Amino acid sequence: MKNVIGRFVTTSIMVFRRSLASWKLLSSVVLGVLLASVVMSSTVIFFDSLREIALKSALDKLGEHDANILVQTERGPTNTEEYHRVIEKVEDVVQNKLSPYLNGLTSAGRSSTFFLTNSGYEEGAGRDTRRAFVAYIPDLSQRITIRDGMELPNPVYATDRDGVVLLEATTSTEAAKKNGLTVGSIVSLVPYWTDEVPFVRVKIVSTFDKADEDDSYWRLVDGIFMSSYKRGTVSGEGFETLPLYMSQDAYMKILGPLLKDMGTTYGWLLDVDLNSLTASNASTAKNEILLTRQALSAELNNFSLITELDSSLEQYDSRILLSKLQMFVVLIMITVIVLYYVFSISTLVVDQRKFEISQLRSRGATSFQILAVFVLEGGTISLVALIFGPLIAAGAIGLLGYTPSFSDLSGGGLLPVRVTAFAYGMSAIAGILSFAVLIIPAVHASKVNVAAQRSALIRNTQQSVFQKYYIDVGLLFLGILLFRQLMEQGSLAVKSALGDVAFNQVMLVLPALILLALAMVLLRLFPVVLNMVGRLFSSRMPVGLILAIWQMSRNPSSYSRLILLIILMTGLGIFAASFGGTLDRSFQDRELYAVGSDIRITSVRFNSVGRSRSMTEAYENYKHIDTVSPVFRYSGLDVTNKFLGESVTVLGVDPATFGEVALYRDDYSDVSLQELLSQLEQMDRPQGIQLPDDARTLGVLVKPDRSRPSVALAARLRDANGRYFSYELGMLDSASWSLKEVEIFQNRRPWRRLSPAAPLTLVSLSVLETNPTGTLTSGSILIDSIKARTGWGNVDNLESFSDINGWHILKNVPEAEMDQIVLSQQGAKSDGSLLFAWGTGNPMVARGIYPGLQLAPIPALASQSFLSNSGHSIDDVLTVSVGGHHTKIILIDKFEYFPTLNTKEESFLITGLEPVLTTTNRGILRGGITPNEIWISTDDSIEKSERIKLMGSLKEDGPFSYGNILDKQEALSLITIDPLVRAGWRSLLLIAFGSILILSAIGFVSHSYFSFREREAQFALLRTIGLSKNQLMSLMWVEHLSVVVLGMIIGTLMGERLGTVLIPFMGSDDIGISVLPPLIMQVNWSGLLSTYLSMGVVFAMVTVISVLVARKISLNRLLRLGEK
């Protein structure tokens, strides 16, 4: 054993000396491994710090009083034994589960409610609104100021001269005043239940005021004793309740035994120590509150636990979780790239030692012995990083408190940091992964002999393990599968069946996996493309340029590693830089999506009395209003294939004006908004029959098949402002020809009913059963003509029914499908008429006909959610019930999102405004369906003060009543981006950009240094065959520029595409619901370009230094060196 230990020590010392001699080679490796441990451990430390800040913010908003816990239960009878049973049950559970978070607890009790009367008037108890209860509360004398009287004396069982038990109590000054009581007053408490003692009397010995109104002690009184009275649940609203306080002994030993059936409400105030709550125990505290509630509610009657602490902790947990998910994705990408950097640099280091390894093999060393050296070296580096990584991470994260991002949250000091065992666990994972990537190239190199090493020096034709075994293709395939799963899931965070926010941890590595795999697959093409370029342009290119291309195509491995590193760096930069701007844009887009237009007025109710007014002109008269577009939003049912129907919301818009007011993003649908709206236009609209401008009456000459005294003939008219009116022309009480005529204007009083605006248009004629308990029996009616009488007495014949072309059945209900119209030879003057026949139907439902063109199914746009839920497809014809009236609709196109519509959870159809209003209103008997929203666009030049004035006018003096007015500018001004999220992302960008700059600089310097060392002899040979120094310099410039420019271009494109595809799936609000509209990638170009510029400066400096050194090398010295 001693020999083994001795050999290990000796070997370790040898390895240490060997590593120390090669410190220049290993320093970049050590830095990379250390950075990996720092990044991995910082994922824990950073998020713990954010959680501490978020918790402090949540608790500060909550406040001390709201954080305290109130516990309440009811128990009877009231005596000392029952009291101890309740106390023992409650306080044992509280002590076991909540004691670490409490400063202490206070218990109290309150009796059932009594009827309150003056002494001697007990028989009239309960006839007035006076009530009372008795309570005990500890340390009352220390929390009050006695206004009048004396402190409560020791309890003594006493009776008055009537032999009634007389107790002594105190009450508040306010309660005594409201009940007309003073010190010395005696009141009777009469139980509402039957008990052995019919009543007791109480003497008021003092009145008091609260010493401190803000003392949490009084939450027992307000939250338990008085809460039910304030809600009116005990005695009803309007009752005066007198609280009477006595000592606990008097309550338990005198009052309780006296009233054997009296119940008591026991209450506890648990004083929460907010300082005891930390990020590490907040979730535990929340769970313990839940367990306390469950345990006690199972054992106690009418138990309740009241606090806002658990919900605040729940929101805090959810809030930090969702922010953490998005940040964790970026940190994983940084970690993967750091690990690849370690692998790349360690491969370069091993390549530099291959000659040394081959010599050791030639002198008898085994592969295991050689590998042991690298294992000790890599293990030592990983162990050092494991130990110091979390400490460096904690220090760096603490210093973030001084940055502008966190200064407001940290108070300008250090961020709170804790180095936990979990942080060291993450550091250990980084150490193990780093150790693995350090050993992988060493394992391969340990098997190389002298012959293979010499062959590789001439031309390295070996493929990397990833390319040889198609690991890169496999990783890309895995990434595609995970992406498909993410598309089905819809978001990184989803809500479970129980409403909890959950996430698939595997999905967090998806962006890093796709970026790495795609970059590796693309690099397979690198030597192929270069070889083709060399073959095609070798005769036309300068010597330095073509030699550089040949060199990179013949020996692509070292160049590929550097290009891949730069691709990953720039891809990470684009992806990380996009989140800050994306979140800012998302908050703005969410507000614009919710508002819909510059100004949107909801729940508009047009006037039902007075003169009819134009809905658009009424708003267009306001200064600075540019365009007004009325919108129809109603709930409907898709009854195409189902009797009950599936719920769908129908949105009717005006295609001519809606595009000018809507705030629409191009990605909401496959085509532009104007193209969508143009599809809703209907060229053939049912116009109806227009009455003369001066028409005063409307008459219809009819003959029913028989007398129908309870069936009325009605006409439906539309006025110049698009308002609909129903007129009863008369009852069908005669089987002979009769003119049914009604005055249009004179019988409508503007102060009682809505008066139409000329000219009017007849849109339908109908019959209806006016007896609400009856049934419309089948029948028919002959209609000879329709006439209008003007103010001068002239009669205009509007329709003579010489033919019935242009008249159609009003199919507004299912029963009307069997109704018919035919041309009849009968007429009042034997010149023909229209015969309308109807079937049996319900009362108060219009069955009739309408003039004009027959309306084809209304074109409609369907939300993707509607198509998915209903199973319908484009070009399907549906039957949709809107306002109780069936309407045929044809689906012509689809959309994914639309302003104000929650297309994630609900189904929507969008139609033209005029067709849906006409179709639904011509069969309605009373009132009418009107647009219920107004969407408005304002002048671009409107000033802020003028906008405020406009909004004030619309709210105070608007032409119509409304529900709410939403203003785009007001909504944008109220945007509050979570400062914690903003600060976290800014700090994360700092970490990402810093990592990119450091690793790319070190990687490029290391690659240039190692490459130059390897090729010194090659440069000398090139000089001997005739290359000038300038040609040699151009070769180096081409190699370096090709690697850097190609890597940055590919990385930028890949990062942009990756962000465009994946970032929308990472958008969730603070409760785990995907945001609407989805995120659109916005890159923080200022921060990214500064990082790119810094990288470019470093690359240029390294290249210039390499060129200058190469120019000064001595040809004779290099040729004398031979093999190194």
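The values are calculated or read from the model by the stated rules, or taken from the named source; none is laboratory data. As the structure is a computational prediction, the values presented were derived from the model and not from experiment. With ideal geometry, Cβ positions are generated from the backbone for all residues, glycine too; neighbour counts draw on all protein chains shown.
Name the one entry in Thr775, Thr790, Thr770 that is of a type in the set (Ser, Thr, Tyr), within 20 Å of Gly923 (Cα to Cα) and surrounded by 14 or more Cβ atoms within 10 Å (Cβ to Cβ). Don't jump to the end; show me each part of the working.
On the way: Thr775 fails: surrounded by 14 or more Cβ atoms within 10 Å (Cβ to Cβ); Thr790 fails: within 20 Å of Gly923 (Cα to Cα).
Just a single option satisfies the conditions, and that option is Thr770.
Anything in region 68-84 that is closer than 26 Å to Asn103 by Cα and assigned to a helix (DSSP H, G or I)? List them, or say none. Can you show your working first?
At the first step, the residues of region 68-84 found to be closer than 26 Å to Asn103 by Cα are 68-74, 83-84.
Correct list: Tyr83, His84.
From the list Arg219, Arg161, exactly one residue is in the same structural domain as Ile254 (by TED's automatic domain parsing) and touching a strand residue (DSSP E or B) at 6+ places or on another chain (Cβ under 9 Å). Which is it? Spell out how you get there, then give the answer.
Details: Arg161 fails: touching a strand residue (DSSP E or B) at 6+ places or on another chain (Cβ under 9 Å).
Criteria check complete, one pass: Arg219.
Scanning region 703-723 for residues that are in contact with a Pro (Cβ under 9 Å, 6 or more places away or on another chain) and not small (Gly, Ala, Ser), which turns out farthest from Leu925 (Cα to Cα)?
Asn721
Inside region 525-642, counting only helices (runs of 4 or more DSSP H) that do not spill past its ends, which hold 3 or more residues that are more than 31 Å from the chain's Cα centre (by Cα) and among the aliphatic types (A, V, I, L, M)? Let's see the steps before the verdict.
Values: elements: 525-537, 543-554, 556-595, 615-620.
Hits in region 525-642: 525-537, 543-554, 556-595.
Tally the residues that are of a type outside the set (A, V, I, L, M, F, W, C), in contact (Cβ under 8 Å) with a residue 40 or more places away in the chain and in a helix (DSSP H, G or I), restricting the search to region 95-104.
Keep residues of region 95-104 that are of a type outside the set (A, V, I, L, M, F, W, C), which gives 95-97, 99-101, 103-104.
If we keep only those that are in contact (Cβ under 8 Å) with a residue 40 or more places away in the chain too, we end up with 97, 100-101, 103-104.
Now drop any that are not in a helix (DSSP H, G or I), which leaves 97, 100-101.
Matching residues across region 95-104 total 3.
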Identify the residue in region 408-439 that is at pLDDT below 80, within 30 Å of the chain's Cα centre (by Cα) and not charged (D, E, K, R) and, among all such residues, is nearest to Ala393 (Cα to Cα). Ser410
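Looking at region 842-858, which of its residues are in contact with a Lys or Arg (Cβ under 6 Å, 6 or more places away or on another chain) and either in a strand (DSSP E or B) or of a type in the set (Gly, Ala, Ser) (or both)? Full working, then the answer.
Of region 842-858, the ones in contact with a Lys or Arg (Cβ under 6 Å, 6 or more places away or on another chain) are 850, 857.
Matches in region 842-858: Tyr850 only.
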Pull out all pairs, ordered by first then second residue, where Cβ-Cβ is under 6 Å, the residues are six or more apart or on different chains, the first lies in region 72-90 and is surrounded by fewer than 16 Cβ atoms within 10 Å (Cβ to Cβ), and the second is hydrophobic (A, V, I, L, M, F, W, C). Thr80/Met252
Failed condition for Gly1059, given (1) in a helix (DSSP H, G or I); (2) modelled with pLDDT under 75; (3) small (Gly, Ala, Ser): (2)
Does Ser367 fit the bill of being of a type in the set (S, T, N, Q), assigned by TED's automatic domain parsing to the domain that holds Leu55 and at pLDDT 70 or above? yes
Here are the criteria: (1) closer than 25 Å to Phe725 by Cβ; (2) free of Cβ contacts under 8 Å to residues at least 24 places away in the same chain. Tell me which single one Gly636 does not satisfy. (2)
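For (1) of a type in the set (Ser, Thr, Tyr); (2) surrounded by fewer than 20 Cβ atoms within 10 Å (Cβ to Cβ); (3) not assigned by TED's automatic domain parsing to the domain that holds Glu769, each residue gets a yes or a no:
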position	(1), (2), (3)
Leu680	no, no, yes
Asp694	no, yes, no
Ser707	yes, yes, no
Ser710	yes, yes, no
Leu713	no, no, no
Arg718	no, no, no
Arg723	no, no, no
Ala735	no, yes, no
Leu739	no, yes, no
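Can you find a residue in region 105-123 that is in contact with a helix residue (DSSP H, G or I) (Cβ under 6 Å, 6 or more places away or on another chain) and in a helix (DSSP H, G or I)?
Here is the first cut: in region 105-123, the residues in contact with a helix residue (DSSP H, G or I) (Cβ under 6 Å, 6 or more places away or on another chain) are 108, 110.
Then drop every residue that is not in a helix (DSSP H, G or I), which leaves none.
No: zero hits.
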State whether the residues of region 134-147 include one that is more than 30 Å from Asp310 (Cα to Cα) and either part of a loop (DSSP other than H, G, I, E, B) or of a type in the set (Ser, Thr, Tyr) (or both). yes
Looking at (1) under 24 Å from Ala856 (Cα atoms); (2) not in a helix (DSSP H, G or I), which one does Gly699 not meet, given that it meets all the others? (1)
Among the residues of region 483-497, is there at least one that is outside any loop (DSSP other than H, G, I, E, B), of a type in the set (A, V, I, L, M, F, W, C), within 30 Å of Pro441 (Cβ to Cβ) and modelled with pLDDT of 70 or more? no
Could you tell me whether any residue of region 117-135 is within 16 Å of Phe208 (Cα to Cα), in contact with a strand residue (DSSP E or B) (Cβ under 9 Å, 6 or more places away or on another chain) and buried (at least 21 other Cβ atoms within 10 Å of the Cβ)? yes
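In region 84-137, how many are among the charged types (D, E, K, R), within 50 Å of the chain's Cα centre (by Cα) and within 22 Å of Leu244 (Cβ to Cβ)? If you could, list the steps in order and put the result at the bottom.
Taking region 84-137 and keeping what is among the charged types (D, E, K, R), we get 85, 88-89, 91-92, 97, 110, 122-123, 127-128, 130-131.
Now drop any that are not within 50 Å of the chain's Cα centre (by Cα), which leaves 85, 88-89, 91-92, 97, 110, 131.
Those still in the list that are within 22 Å of Leu244 (Cβ to Cβ) too: 110, 131.
Residues that pass the stated criteria total 2.
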State all residues of region 796-809 that are over 11 Å from Leu834 (Cα atoms) and exposed (fewer than 12 other Cβ atoms within 10 Å of the Cβ); if no residue qualifies, say none. Asn797
